Amino acid sequence: MKPVLWLLLVVSTAAAIYVSTFAHYTGSTRVLAGVSAGVVLAGSALGLWLTSSRK
């Protein structure tokens, strides 16, 4: 499960950077792309945090 969460974290980070920097989206398309990348990023980070082993 952790490798999938790491993969989602990396891909969503790259997607967020692409949307905010290189993509020529305008208006609601840009907002929806950014929000969806952010939701996946936050979800994968939360999943990694919850599955971490604490001592």
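Details
- Within the stretch 17-55, tally of residues that are in contact with a helix residue (DSSP H, G or I) (Cβ under 9 Å, 6 or more places away or on another chain) and of a type in the set (F, W, Y): 2
- The set of residues from the stretch 17-37 being surrounded by 13 or more Cβ atoms within 10 Å (Cβ to Cβ), among the hydroxyl-bearing types (S, T, Y) and over 27 Å from W49 (Cα atoms) comprises just one member, Y25.
- Residues satisfying the stated conditions in the stretch 43-52, i.e. part of a helix (DSSP H, G or I) and open to solvent by less than 80 Å² (accessible area, probe 1.4 Å): G43, S44, A45, G47, L48
- Top-ranked residue of the stretch 1-16 - restricted to ones that are free of Cβ contacts under 8 Å to residues at least 40 places away in the same chain, in contact with a helix residue (DSSP H, G or I) (Cβ under 9 Å, 6 or more places away or on another chain) and under 17 Å from S52 (Cα atoms), ranked as most open to solvent (accessible area, probe 1.4 Å): L7
- Matching entry among V19, V40 (being touching a residue at least 24 places away in the same chain (Cβ under 8 Å), assigned to a helix (DSSP H, G or I) and β-branched (V, I, T)): V40
The values are calculated or read from the model by the stated rules, or taken from the named source; none is laboratory data. Not measured: the values here are computed from a predicted model. Positions of Cβ are backbone-derived with ideal geometry, glycine not excepted, and every protein chain shown enters the neighbour counts. Only protein heavy atoms, including side chains, enter the accessible area calculation; ligands, DNA and RNA are left aside. Shrake-Rupley method; radii C 1.70, N 1.55, O 1.52, S 1.80 Å.
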